[in-house]
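Working notes for the structure below.
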Amino acid sequence: DIVMTQSPLSLPVSPGEPASISCRSSQSLLHNNGFNYLDWYLQKPGQSPQLLISLASNRASGVPDRFSGSGSGTDFTLKISRVEAEDVGVYYCMQARQTPLTFGGGTKLEIK
Amino acid sequence: QVQMLQSGAEVKKPGSSVKVSCKTSNGTFSSYTVSWVRQAPGQGLEWMGRIVPIIAVTNYAQKFQGRVTIIADRSTSTAYMELTSLRFEDTAVYYCASGLIEGGNTLDNWGQGTLVTVSS
């Protein structure tokens with residue numbers, strides 16, 4: 001199974017400041033079609049997870065452009081250019097390269 | 001947008017089974033895969049398995065092999081997840097999540113979750 005490792009575990013950020021979350025996979029998520037099969041999900045308090053970014057850098061419908069994803073192979077990053085109060089929750093990366101699908105342990109973003 | 005409506009909370013005894021349903025709407029059921037993901041209290045997300053309804057093919061995580069069965073009823077656009085031989089540690093919120101078949105394994109839409117409590 002592919003192991004996903006996220007950091008940091010907790011991320012306190014002041015409103016308007018940037019934030020960055022790292023995700024590493026134990027195997028390359030780069031397919032021979034050129035796509036990296038890495039997704040980002042946000043689970044807001046008391047809610048179901050929601051898709052933010054697929055294929056490492058494609059924002060899902062309705063996701064604000066302050067969210068961006070980058071990376072290739074085994075190293076990926078989710079960036080929020082200016083954090084807003086509504087961004088609080090736990091962020092998960094997930095490898096979609098192969099089953100079993102596996103998630104990172106999560107990064108809890110909180111507002112300072 | 002595809003919506004996924006799950007069945008209600010369950011309380012089960014150790015050793016029993018639970019069956020959770022997930023009805024999809026506003027989408028073509030046959031165009032999607034349906035995965036089941038669980039989240040124990042205060043813990044992260046754990047993928048259990050999935051089904052491709054149009055061909056009724058399933059994949060299960062090794063951890064749940066032999067205890068979990070996922071089926072799909074195309075006539076009602078409903079997927080089901082049955083977990084047997086329940087243990088206390090199976091207490092969790094169980095989510096169904098769908099994704100377009102051509103979208104790889106991305107989970108675009110999630111149900112509201114079903115709390116399963118295993119208690120004696």
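The values are calculated or read from the model by the stated rules, or taken from the named source; none is laboratory data. Quick caveat, the model's predicted, so the values are computed rather than measured. Cβ placement follows ideal geometry from the backbone for every residue including glycine, while neighbour counts extend to all protein chains displayed.
The figures follow:
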{"quantity": "Qualifying position, being in a loop (DSSP other than H, G, I, E, B), surrounded by 15 or more Cβ atoms within 10 Å (Cβ to Cβ) and not β-branched (Val, Ile, Thr), among B:49, B:27", "calculated": "B:27"}
{"quantity": "Within segment B:69-95, tally of residues that are buried (at least 17 other Cβ atoms within 10 Å of the Cβ), within 17 Å of residue B:113 (Cα to Cα) and either within 12 Å of chain A (Cβ to nearest Cβ) or not aromatic (Phe, Trp, Tyr) (or both)", "calculated": "11"}
{"quantity": "Odd one out for residue A:78, checked against (1) away from chain B (no Cβ under 14 Å); (2) touching a Lys or Arg at 6+ places or on another chain (Cβ under 8 Å); (3) outside any loop (DSSP other than H, G, I, E, B)", "calculated": "(2)"}
{"quantity": "Selected residue (only one of A:99, A:74 is within 24 Å of residue B:102 (Cβ to Cβ) and among the β-branched types (Val, Ile, Thr))", "calculated": "A:99"}
{"quantity": "Every pair of residues 6+ apart whose Cβ atoms lie under 7 Å, when the first sits in segment B:1-13 and is part of a strand (DSSP E or B) while the second is surrounded by fewer than 13 Cβ atoms within 10 Å (Cβ to Cβ)", "calculated": "B:3/B:25; B:3/B:26; B:11/B:119"}
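For every residue, the table says whether it meets (1) within 13 Å of chain B (Cβ to nearest Cβ); (2) more than 25 Å from residue B:104 (Cα to Cα); (3) modelled with pLDDT of 95 or more; (4) assigned to a strand (DSSP E or B).
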{"position": "A:15", "(1), (2), (3), (4)": "no, yes, yes, no"}
{"position": "A:40", "(1), (2), (3), (4)": "yes, no, yes, yes"}
{"position": "A:46", "(1), (2), (3), (4)": "yes, yes, yes, no"}
{"position": "A:56", "(1), (2), (3), (4)": "yes, no, yes, no"}
{"position": "A:68", "(1), (2), (3), (4)": "no, no, yes, yes"}
{"position": "A:83", "(1), (2), (3), (4)": "no, yes, yes, no"}
